Every structure is written in C-alpha cells, then in structure tokens.
Amino acid sequence: MTQLLQRIGIVLPIFQAPMAGVSTPALAAAVSNAGALGALGLGATDADGARAAIAELRAATARPIHVNVFVHGPPRPDAARESTWLAALAPTFGKYGAEPPATLRTIYRSFVEDDAMLAALVESAPPVISFHFGLPDADRIAALRATGAILMASVTSIAEGRAAQRAGMDAVVAQGWEAGGHRGVFDLGSPDEQLGTVALARALVRCLDVPVVAAGGIMDGAGIAAALSLGAVAAQLGTAFVACPETSASSAYRTALLSGDRARTVMTSAISGRPARCLVNRFTALSEQLAAQTPRVTPPDYPIAYDAGKALHAAAAARGEHGFGAQWAGQGVALARSLPASELVATLARELRAAGRRDAAFSRQA
Ligand SMILES: Cc1cc2nc3c(=O)[nH]c(=O)nc-3n(C[C@H](O)[C@H](O)[C@H](O)COP(=O)(O)O)c2cc1C
C-alpha cells in the first residue's frame, strides 16, 4: 500500500489538505519541500487563477504537488428562497450599518461544467489531482488520467468509497465527521451517516482495493500513527496547517484557532449552503438562531448562499467584528499550533517516529 507514496514520489505519509481560500502556493511548496505532499485548493478559483497558482507553486518546488477541485451539482437558483434568506440575514447586516445584497450570484463554477478548468489541469498536468463533493464524469476522468495524474476523491461513506473505486480513482480520502471545512458528501439529499475518521477509514481499508488516506481530527504524529495503524497509507491534515504563517488565514481566524481548550467547532450549512465544520463564532450562533425559527429558513444552494455569507462577513469586518468569517476547523482544533510549514512537517515526522518507537516497545513487552 505504500506503493501510492512511491508512485507520488514522497517518503512521509503526510498530505497537507487542499484548502480553498486558505492554502497558498507558498504553503504547498514549503510542505512539499519538507518531504510531505503540499496541496492547492482550486475550488474557489477559475482556470486562469488555477494556472497562475500552479505556476507559482512549480516555481517554488520541484517536488510532487496535489491540486483539488470541487465537483458539486450545479446550484439551482431559486429567487424566492434567496430573498427569504436575505430577509432573514437583513437584521444582522443592519447591526453593522449595511444592507444585504439585492440578489445573489453563483460565485464558483463546479468542475462538472468548467471546461476551461479541465483544459488548465490537462495543460499544467499536476501529478496528483483530487475531487471534493463528488466525482467527475468518465470523459473528464479519462482526460486527466491521460496526463499521468494520480486521481483521488474525498469520500464520507462506504458507498461513496465504492463509487470512487468504480470510477477509477487511484485512492480515496476518507473524510471523517471530525474534519474541518466542507464535508465532501456526494448527495446532500441522502441522510449523512456522520461516520468518524476511525470507523470510516478502517471500513474503507477493509472494503476497497484502492489505498485509503485518512482525514479528520488528525493534528500530530500520534494521530498520523493511529491512521496508519488502521491501514491508511497516509493522513491528510487540514486544520493542523491553517495557522502556518504561509496560509492566507486572517489574523482573527488564527487567533480564534489558537484559543486552545476554548476552541469549539460545529457543523453548519448557513455560511455557504453546504455542511462545513467551523469554529463556533457569530455566524454559527446566527445559524442556530435561524434554524430554530418557524417557519424554518434554509440557505440557498451552495455556493449561492456563500455569496450572502461573504457579504455579511465583509459588512461586519468593516465595523471591526470578525466573527462572521468562514473559520473552518476540525474537532482536533485544541491541538493547533502555529509553526512555519517546514517545521510543522519536521515535527509531525518526529512525532510519528516517536509513536512508532512506542508501538515497537509495546510489541516487545506484549
Ligand atoms: C480551512 C479548510 C479548508 C478546506 N478546503 C478544502 C478544499 O478546498 N478541498 C478539499 O477537498 N477539502 C477541503 N478541506 C477539508 C480537508 O480536505 C480535510 O478533509 C480536513 O481538513 C481534514 O480534517 P482536519 O481539518 O481535522 O485535519 C478544508 C479543510 C479546512 C480546515
């Protein structure tokens, strides 16, 4: 199973999660240069942005890199639902001296309909490409495979894992309920099984023939060792990297993330229109308040709701209130550290070796 790492060309079983809006070429380069797999989240950018980010990353590292796109079903605009949502947010906009936007836009295109992004990926040929929120069609998969790319998909259930394997993915990223950021569920219409990382990763290792990368709540070498002992070939860490100086996280986000035992997370759909794990903040409190209202107001489809979420964050931030940001974080947030990415990777590798020595000592005693 370490064949996946050999195919990619890395030694450390550590993947930095692609994080749209937070990961940067500087972060990914530092991680890849340190011997792990650095990644760019391209889900919130267009083809030109992707080309520029990949070129910047390639100029900063000759090591393997990973890029990620969003494969959600295109949103269904619904003027009535959108205006009800904006009306529900209006009093909060008002507190910060602002009006909600008159209408909402689809701020990102899904990879399922973005031919320009497909062309950009084929042209720049990154060695590892992953998909979040679903799987592209067979033609897109074939076009990317023809570049020689190793393909991976985030999955949150055994059924999604099997679908990813059937579609020809080279590996799956088992994203547990603990994970920070958007949940990669394929179909929002089906009940979410909410499987934790341990249960999901282990079940996928047993059920699939392709390698499994574990993600969700993994913050240190002991967590990576735990993932490997479940049979995962690597661990993908997001929250652990957010406070690295190389990310584009705002200072308010960093401060909230590094608040130690006080940091709490919750799953919310109110910020973007899809479930995502976020630090408990003003927006998640508002989301709970709206969810308790009768009749219940539900956010528009992703990413239309995100247009409103970003506007509210901007209005509040302009008045000095930073608690309406998309402060994504996983359940392991109390363990977050702020280290330069190269030092974080070296620390994770050291901790992983120490965990290995503990396991070996235990086996000798047993
Ligand atoms: C700030 C942030 C942004 C994220 N953005 C993406 C993304 O663009 N694409 C993706 O596949 N996963 C994204 N994720 C989810 C990660 O791939 C991964 O599942 C998650 O970070 C693992 O949980 P952890 O944060 O507890 O380590 C994001 C996670 C965070 C924390």
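The values are calculated or read from the model by the stated rules, or taken from the named source; none is laboratory data. Keep in mind the model is a prediction, meaning the values are calculated, not measured. Cβ: placed from backbone, ideal geometry, glycine included. Neighbour counts: every protein chain shown. Each accessible area value is taken on the protein alone, full model and side chains, heavy atoms only, with ligands, DNA and RNA left out. Shrake-Rupley method; radii C 1.70, N 1.55, O 1.52, S 1.80 Å.
Before moving on, here are some points about what is shown:
- A39 falls short of the stated requirement of being buried (at least 24 other Cβ atoms within 10 Å of the Cβ), away from the ligand (no atom under 16 Å from the Cβ) and either hydrophobic (A, V, I, L, M, F, W, C) or more than 17 Å from A153 (Cα to Cα) (or both).
- Test: residue in segment 13-27 that is more than 14 Å from the ligand (Cβ to nearest atom), touching a helix residue (DSSP H, G or I) at 6+ places or on another chain (Cβ under 9 Å) and not in a loop (DSSP other than H, G, I, E, B): yes
Results for (1) under 28 Å from D359 (Cα atoms); (2) at pLDDT 95 or above; (3) within 9 Å of the ligand (Cβ to nearest atom), shown as yes or no for each residue.
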| position | (1), (2), (3) |
| --- | --- |
| V172 | yes, yes, no |
| R183 | no, yes, yes |
| T197 | yes, yes, yes |
| L208 | yes, yes, no |
| I218 | yes, yes, yes |
| A226 | yes, yes, no |
| L237 | yes, yes, yes |
| P245 | no, yes, no |
| S269 | no, yes, no |
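This table checks each residue for (1) of a type in the set (A, V, I, L, M, F, W, C); (2) in a helix (DSSP H, G or I); (3) at pLDDT below 95; (4) surrounded by 13 or more Cβ atoms within 10 Å (Cβ to Cβ).
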position	(1), (2), (3), (4)
T284	no, yes, no, yes
R296	no, no, yes, no
H313	no, yes, no, yes
A334	yes, yes, no, yes
E343	no, yes, no, yes
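- Tally, over segment 257-273, of residues that are open to solvent by less than 10 Å² (accessible area, probe 1.4 Å) and of a type outside the set (G, A, S): 3
- Any hit, segment 70-86, residues being in a helix (DSSP H, G or I) and β-branched (V, I, T): yes
- Among residues of segment 81-135, those that are open to solvent by 30 Å² or more (accessible area, probe 1.4 Å) and within 16 Å of the ligand (Cβ to nearest atom), counted: 4
- Check on A62, farther than 26 Å from A346 by Cα, modelled with pLDDT of 95 or more, more than 16 Å from the ligand (Cβ to nearest atom) and open to solvent by 10 Å² or more (accessible area, probe 1.4 Å): no
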